[in-house]
1. Within the stretch 35-50, can you find the residues that are more than 16 Å from Ile19 (Cα to Cα), surrounded by 16 or more Cβ atoms within 10 Å (Cβ to Cβ) and among the charged types (D, E, K, R)?
2. Take Gly131 and decide whether it is in a loop (DSSP other than H, G, I, E, B), within 26 Å of Val79 (Cα to Cα) and not aliphatic (A, V, I, L, M).
3. What number of residues within the stretch 49-78 are polar (S, T, N, Q), in contact (Cβ under 8 Å) with a residue 24 or more places away in the chain and within 22 Å of Glu110 (Cβ to Cβ)?
4. Tally the residues that are among the polar types (S, T, N, Q), under 16 Å from the mean Cα position of the chain (by Cα) and farther than 22 Å from Val60 by Cα, restricting the search to the stretch 95-131.
5. Of all residues in the stretch 115-144, how many are farther than 25 Å from Trp54 by Cα and in contact with a Leu (Cβ under 7 Å, 6 or more places away or on another chain)?
6. When only residues in the stretch 1-45 that are in a strand (DSSP E or B) and among the polar types (S, T, N, Q) count, which is nearest to Trp129 (Cα to Cα)?
7. Which residue out of Arg80, Arg28, Arg87 is surrounded by 11 or more Cβ atoms within 10 Å (Cβ to Cβ) and within 27 Å of Ala7 (Cβ to Cβ)?
8. Scan (1) outside any loop (DSSP other than H, G, I, E, B); (2) surrounded by 15 or more Cβ atoms within 10 Å (Cβ to Cβ) for the single condition Glu63 breaks and write down its number.
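What follows draws every value from the coordinates through simple rules; no lab data is involved. Treat the numbers as computed from the prediction; the structure is a model and nothing was measured. Neighbour counts are summed over all protein chains in view; Cβ atoms, including those assigned to glycine, are modelled from backbone coordinates with ideal geometry.
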Amino acid sequence: MASWPGALHFGGGTAKLFIDEKASSRQRDLIEKMLKGKLGGKPWPIFTSTIDKWLETSFVPFEWKFNGPNSEVVVGDEVRVSLQPMRNPVTGKETMAKILLPNGLLTHEENVTSTKTFSLFTDGLKYAWPGRTAFYATVQHGND
């Protein structure tokens, strides 16, 4: 999770990594190195170049519920995210939208939804963004 004082590409970000407490010591080390961009590949070195301050990594339980536009995740006591279908602002009816990115950095297709809950409350990072536009997608990472 991260926050920037302005546009991401201007840098100055503060970030905190959350890694599942079930990860072995070796997995923890490799995941932390990967997410901090120390192993190369896409997209982590691009994002980490915008982070000026890293908060201490937390090893906490993760609870996932994958259900498309109704997905949820709880990360320790600090992160809560629950999605809900996007709604037409005039009729209030659920609606679907997809964004196609043939040359996307992280994804090639993103499903548009909205946040029912999106909060992060930890030392050094605090925000809550319910009712905002959100996306879910299948993400690919690699060294190509």
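1. Matches in the stretch 35-50: none.
2. Yes, satisfied.
3. Selection size over the stretch 49-78: 2.
4. Within the stretch 95-131, residues that are among the polar types (S, T, N, Q), under 16 Å from the mean Cα position of the chain (by Cα) and farther than 22 Å from Val60 by Cα number 5.
5. Selection size over the stretch 115-144: 3.
6. Filtering the stretch 1-45 for residues that are in a strand (DSSP E or B) and among the polar types (S, T, N, Q), the one nearest to Trp129 (Cα to Cα) comes out as Ser3.
7. Step by step, each of Arg80, Arg28, Arg87 is checked, and only Arg80 is surrounded by 11 or more Cβ atoms within 10 Å (Cβ to Cβ) and within 27 Å of Ala7 (Cβ to Cβ).
8. Going through the list (1) outside any loop (DSSP other than H, G, I, E, B); (2) surrounded by 15 or more Cβ atoms within 10 Å (Cβ to Cβ), Glu63 breaks only (2).
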